[in-house]
Amino acid sequence: MYLEDAIIEAHAPLSGGYRVLAMKAVRIAPGVRPGQFVHLRVPGMGQSVLRRPFSVYRAEGEQLSILYKDVGQGTHTMTALRPGDRVSLIGPLGRGYPSPDEGHDPVLVAGGYGMAALYLTARRSGRRGLAFFGGATAGDILCVESFEASGWQVKVATEDGSLGRRGLVTDALDAWLAERPPGRPPEFFVCGPNAMLRAVSERAERGGWPAWISMDRHMGCGVGACLTCVQKVRGAEGEWAWARVCREGPVFASRDIVWEEDA
Ligand SMILES: Cc1cc2nc3c(=O)[nH]c(=O)nc-3n(C[C@H](O)[C@H](O)[C@H](O)COP(=O)(O)OP(=O)(O)OC[C@H]3O[C@@H](n4cnc5c(N)ncnc54)[C@H](O)[C@@H]3O)c2cc1C
Ligand code: FES
């Protein structure tokens, strides 16, 4: 883990209010593993304001990029960043996704920025498979070409039917599970809204398949010290315990998560 002033190299808008921010981060970028995140101090908001966590979208050599959506004060301020500006980053942080298991077929399931959070898994995995992308409308579906160029088959679902199959991403997943030819069992790698994480986890549990899910929690320190980000997980003997999403996660085995009623 390093603290570093990264230099902005490019900043490009995508559809759906998303942007890609590409940076030179000579210390952090080389060590990033799929599913890890960086904690970014938004310039111009003062030292006392909390950093914001973002999954690493791409990392190659000394460069990394994040893909983010303008949803509030911090991310809105970030939209003004220009090439040459510096941003303070801490990273790489957290435990990311494991490598896909040889005995399973890898299946990626993503909504929102999950498409970015899963890209390094898609790129670096020795195995290729299916990726399910879901969103409210066509503009929310990102990076399809990057996944296809890496050899993944992408299936899209949008709630308004403007791209791919109409409905939730789990509808598309269910249709595929129902028709799946016999063969290796699936192993799920998932990132997206909580309801989607839970829905995929339930399907994995019913089928007896492994699923790795990236939990999204509001964060304070990002390094395990403040306990802002805790999540209930199963303990050794059936009882539950707290885990820090920034440290023991953000990626957890779905079978370890204790879901709250309102998740
Ligand atoms: C491990 C991790 C990885 C993430 N990766 C990405 C990413 O790759 N791309 C991306 O766009 N976002 C990502 N996020 C979410 C991102 O951190 C928040 O969107 C960001 O902090 C919002 O900051 P803000 O100041 O703009 O919003 P605020 O003004 O703080 O909040 C605006 C709205 O967003 C909500 N919000 C704030 N933080 C979060 C959060 N962590 N999760 C859900 N809702 C939140 C608030 O409740 C509020 O409704 C990630 C979060 C985590 C924990
Ligand atoms: S954000 Fe501080 S412990 Fe996780």
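Where a number appears in this text, it was derived from the coordinates with a stated rule and is not lab data. Source: prediction; values computed, not measured. Every residue, glycine as well, gets a Cβ built from its backbone with ideal geometry; the counts of neighbours run over all protein chains shown.
Take the range 1-129, drop everything but the C-alpha atoms, weight them equally and run the Debye formula without solvent; then report log10 I(q)/I(0) at 0.18 Å⁻¹ to two decimals.
Relative scattering, expressed as log10 I(q)/I(0), comes to -0.95.
Nearest 10 degrees, 0 to 90: what angle lies between the long axis of helix 169-179 and the longest principal axis of the chain (Cα atoms)?
30
What ranking do Thr137, Thr121 get, fewest neighbouring Cβ atoms within 10 angstrom at the top?
So the residues, fewest neighbours to most, are Thr137, Thr121.
Please list 3J(HN,Hα) in residue order for the range 235-251, calculated via the Karplus relation 6.51 cos²θ - 1.76 cosθ + 1.60 where θ = phi - 60°; whole Hz, with x for glycine and proline.
x, 5, 10, x, 7, 10, 9, 8, 10, 8, 4, 6, 10, 7, x, x, 8
Take Arg82 and Glu145, extend 7 Å from each Cα along the Cα→Cβ direction, and tell me the distance between the two endpoints in nm.
With each label placed 7 Å out from Cα toward Cβ, I get 2.7 nm.
So, how do all the Cα-to-Cα distances of the range 119-211 break down into 10 Å bins, in percent, from 0 on up?
Pairs per bin, as whole percents: 15, 48, 34, 2.
Based on alpha-carbon positions alone, could you give the equivalent ellipsoid semi-axes of the range 160-263 from the gyration tensor, as √(5λ), descending, whole Å?
28, 17, 11
When the convex hull of the Cα atoms of the chain is projected onto a plane and the area is averaged over all directions, what value comes out in nm²? Walk me through the intermediate numbers first.
Numbers: hull surface 56.4 nm².
It is 14.1 nm².
In what sequence, highest mean first, do 161-167, 140-146, 231-237 appear when ranked by Cβ atoms within 10 angstrom?
Result, highest mean Cβ count within 10 Å first: 140-146, 161-167, 231-237.
Jot down the radius of gyration and Dmax of the range 39-90, Cα atoms only, both in angstrom.
Just the Cα atoms of the range 39-90 yield Rg and Dmax of 11.1, 32 Å.
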